[in-house]
Amino acid sequence: MGEKPVVVQFFGLNFNLTNCIAGLVAATLVFIFVFVLSRKVEMKPNKKQNVLEYFIDFTNNIVKANMPSKYVSKFSLFAFTMFLFVFMNNQLGLFLEVIIDDHIVVKSPTASPVITMTLASITLLMSYAYSMKKRGFKGYLKSYMEPVSFLLPINIIEEFTNFLTLSLRLYGNIYAGEVLLTLIGGRLAKAQGFLSVIYSAPLTMIWQGFSVFIGSIQAYVFVTLSMVYISHKLSEE
Amino acid sequence: MHFQPIIGMSLEIGDMLYYLVLFAVLMLLVAKFAWGPVMDMMEKRRQKISDDLDNAEKSRTEAAQMAQEREEALKNSKADAVEIIATAKTNGETQKNLILADANTAAKDIKQKADLAAEKAKQDALASAQTQVADLSVAIAEKLIQKELTTADQTNLIDSFIKGLDPNETK
């Protein structure tokens, strides 16, 4: 993590090329994953199709558990893509870290708060959009006064907390994982020469395994909470 | 070691837009190449399974109905058989009675005719016997006239004559 990110200015906006490239890599991997698995779709599922259908079932169950059944089909694709994308973003930095001339080019994009906030805002903007679509703009504004009008400030604060908890939980978990991985792999291994390289190797492996676990859990939690927030906005009160 | 400070770092709005577009494009691609076909197939499979279940239910009902029909038919055939046997028995009884009655009548007829014939034969025999007796009497008388006989002799003569005529008829 000690390496500098590559930031370029483009149309007056800051682009962090590290995140852009890593996101593109993650998205490409996700696409290749589903593309390869869905090549031969048959009535009697083959092995590849089974894997894909397992993932689809998994995310569909997340949606079903948190949504009224009439909205399930609307959000299942979103949940599926979001799960795979976040999952891949979480795992990317564990096995791939490209550093060119002291500039880091590829790492876990979700170890950056800007990216997790972007992902969280996708979810929350969707929830606002669907709420407005369902109740109309006035009904949407009015929903902040429910169930009683003096809860208005609390409801508004809740939107911020939702946004922050959703994004920063993911960021914190992945960032911490990457920091510790860098500490073990980058600092501890070089501390005492050859000896420390030997004993830091299993530690790295253990922590990588744990990070895979955390990354999966966080992807699951992220999608689950996304669905909870969206269904909260859609629910009749 | 240099950690990038969170506060005071340049806000990378470009990244946000980039990720929004990236995510949207990824979702479209996934929808087109993987989600769509797989969901279609899952829906088709669901439909097929549900159809198959419906069909199975239908054929089960049909089979049950058929079995019931067969059972009823079997029951009916048993009843039919019983009826047929009963009818046959009745018919047999009637016929037997009829034949018996006929036979009885015929036997009575035959017996009556035989009786009549016997009676007639007896009468005829008696009549002929009487005629013969008369003839004999006349012959005897003729002979007696020629030769005198005692009354006892005459009686003996007649009796012996009659006895000699027919042992069955005399009593």
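Computed from point charges on the beta carbon alone (+1 for Lys and Arg, -1 for Asp and Glu), the dipole magnitude for chain B about its Cα centre is near 200 Debye. Based on C-alpha pairs under 8 angstrom that are at least 6 apart in sequence, chain A has a relative contact order of 25 percent. Rg and Dmax over the alpha-carbon atoms of the protein assembly as shown stand at 60.6, 198 Å.
Annotation for segment B:22-54 versus segment B:89-109: alpha-carbon center distance of 88 Å. Between B:Val138 and B:Thr105, the C-beta separation translates, for a Förster distance of 41 Å, into a calculated FRET efficiency of about 0.25.
Between B:Ala118 and B:Met66, the simple spin-label model (points 7 angstrom out along Cα→Cβ) gives 7.6 nm.
Simple spin-label estimate for A:Glu42 and B:Arg46 gives 2.3 nm between the two label positions (7 Å along the Cα-to-Cβ direction from each Cα).
In this calculation the C-beta distance from A:Leu125 to A:Ser216 is compared with R0 = 22 Å, giving a FRET efficiency of 0.30.
With the helix formula -39500 (n - 2.57) applied to DSSP H stretches of n ≥ 4, chain B reaches a computed 222 nm mean residue ellipticity of -31500 deg cm²/dmol.
Would you kindly state the longest site-free stretch of chain B, with sites defined as GluC sites (Glu not before Pro) in a DSSP loop (not H, G, I, E, B) surrounded by at most 13 other Cβ atoms within 10 Å?
Maximal segment without exposed cleavage sites: B:1-147.
Placing a label point 7 Å from the Cα of B:Lys96 along the Cα-to-Cβ line, the residues of segment B:71-90 whose backbone N sits under 13 Å from it are B:88-90.
Evaluate the charge dipole of segment A:44-100 about its Cα centre and quote only its size in Debye, nearest 20, assuming +1 on the Cβ of each Lys and Arg and -1 on the Cβ of each Asp and Glu.
Approximately 340 debye in magnitude.
Placing +1 on the Cβ of every Lys and Arg and -1 on the Cβ of every Asp and Glu, with no other charges, gives the protein assembly as shown a dipole of roughly 2000 debye about its Cα centre. Within straight-line reach of A:Lys107, meaning a Cα separation under 26 Å, sit the following lysines at least 8 residues removed in sequence or on another chain: A:Lys4, A:Lys190. Work out the charge dipole of the protein assembly as shown with +1 on the Cβ of Lys and Arg and -1 on the Cβ of Asp and Glu about the Cα centre, then indicate which of A:Leu96, A:Met132, B:Asn55 is farthest towards its positive end. The listed residue farthest towards the positive side: A:Leu96. Think of segment B:46-165 as having a plus end and a minus end, set by charges on the Cβ of Lys, Arg, Asp and Glu; of B:Phe161, B:Leu116, B:Thr94, B:Phe161 sits farthest toward the positive end of this dipole. Based on alpha carbons, the Rg and Dmax found for segment B:46-165 are 44.9, 145 Å. With respect to chain A, whose longest principal axis is taken over its alpha-carbon atoms, helix A:72-95 is tilted by about 20°. Under a cut-off of 25 Å between alpha-carbon atoms, report the lysines in cross-link reach of A:Lys142, not counting same-chain residues fewer than 8 places apart. Cross-link targets: A:Lys70, A:Lys74, A:Lys133, A:Lys134, A:Lys233. Straight-distance candidates among the lysines for linking to B:Lys120, with alpha-carbon spacing under 22 Å and chain neighbours fewer than 8 residues away dropped: B:Lys108, B:Lys111, B:Lys163, B:Lys171. Among B:Ala139, B:Ala107, B:Leu126, pick out the residue whose Cα is farthest towards the positive end of the charge dipole of segment B:46-165, where Lys and Arg carry +1 and Asp and Glu carry -1 on C-beta, about the Cα centre. After comparing all options, I get B:Ala139.
With Cα atoms defining each centre, segment A:24-78 and segment B:114-145 are spaced 137 Å apart in the structure.
Value of Rg to Rh for chain A, rounded to two decimals, is 1.04; Kirkwood radius and Rg both from alpha-carbon coordinates.
No value in this document is a laboratory result; all are computed from the given coordinates. A quick note: this is a predicted structure, and the numbers were derived from the prediction, not measured. So basically every Cβ, Gly included, is an ideal-geometry build from the backbone, and we count neighbours across all protein chains shown.
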